Amino acid sequence: MKNIQPIKIWTNGAIVEAVILDAYLTYDDLKTKAVFYYSILGSSLITLAEGKVEMLGDDYSNWDDSNDGAYNYIAGKLNIIITGEYVGPVIDPLVNGTE
């Protein structure tokens with residue numbers, strides 16, 4: 001997942017702020033085409049928008065097969081600006097003073 005420059009999204013009758021881009025590869029023929037599923041999330045990790053992005057032709061040929069390359073391609077297609085890596089909340093392993 002990647003942090004993104006906040007964007008406003010209308011969902012369920014309200015305008016909310018999206019701050020995270022999540023994506024994964026759903027298809028790759030290893031020659032000419034890759035398909036990615038993406039989700040745009042709010043800070044509470046609730047999906048606000050979702051869809052798919054296809055990478056074809058020269059874009060596929062020039063892709064370095066990296067996760068960052070895929071995220072950058074998806075963000076470019078969606079006109080979203082990635083601001084960094086998503087770092088989830090840290091959960092303290094000590095609960096009530098015990099491990």
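The values are calculated or read from the model by the stated rules, or taken from the named source; none is laboratory data. Here the structure is a predicted model, which is why all the values come from computation and not from measurement. In this analysis, Cβ positions are derived from the backbone assuming ideal geometry, glycine residues included, and neighbour counts consider all displayed protein chains.
Give segment 1-25 a look and list any residue that's free of Cβ contacts under 8 Å to residues at least 40 places away in the same chain and in contact with a Lys or Arg (Cβ under 7 Å, 6 or more places away or on another chain), or say none.
Ile15, Glu17
Counting only residues that are surrounded by 14 or more Cβ atoms within 10 Å (Cβ to Cβ) and among the hydroxyl-bearing types (Ser, Thr, Tyr), how many does segment 33-46 have?
3
Would you pick out the residues in segment 52-69 that are part of a strand (DSSP E or B) and either surrounded by 12 or more Cβ atoms within 10 Å (Cβ to Cβ) or within 15 Å of the chain's Cα centre (by Cα) (or both)? Please lay out each step first, then the result.
In the first step, residues of segment 52-69 are kept if they are part of a strand (DSSP E or B); the result is 52-56.
Selection gives Lys52, Val53, Glu54, Met55.
Every residue in segment 28-43 that is in contact with a helix residue (DSSP H, G or I) (Cβ under 7 Å, 6 or more places away or on another chain) and aromatic (Phe, Trp, Tyr), please.
Phe36, Tyr38
Conditions (1) touching a helix residue (DSSP H, G or I) at 6+ places or on another chain (Cβ under 6 Å); (2) charged (D, E, K, R); (3) assigned to a strand (DSSP E or B), marked per residue:
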{"site": "Ala23", "(1), (2), (3)": "yes, no, yes"}
{"site": "Glu50", "(1), (2), (3)": "no, yes, yes"}
{"site": "Tyr71", "(1), (2), (3)": "no, no, no"}
{"site": "Lys77", "(1), (2), (3)": "no, yes, no"}
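What about Thr11, is it modelled with pLDDT of 95 or more and hydroxyl-bearing (Ser, Thr, Tyr)?
Numbers: modelled with pLDDT of 95 or more: no; hydroxyl-bearing (Ser, Thr, Tyr): yes.
It is false that Thr11 is modelled with pLDDT of 95 or more and hydroxyl-bearing (Ser, Thr, Tyr).
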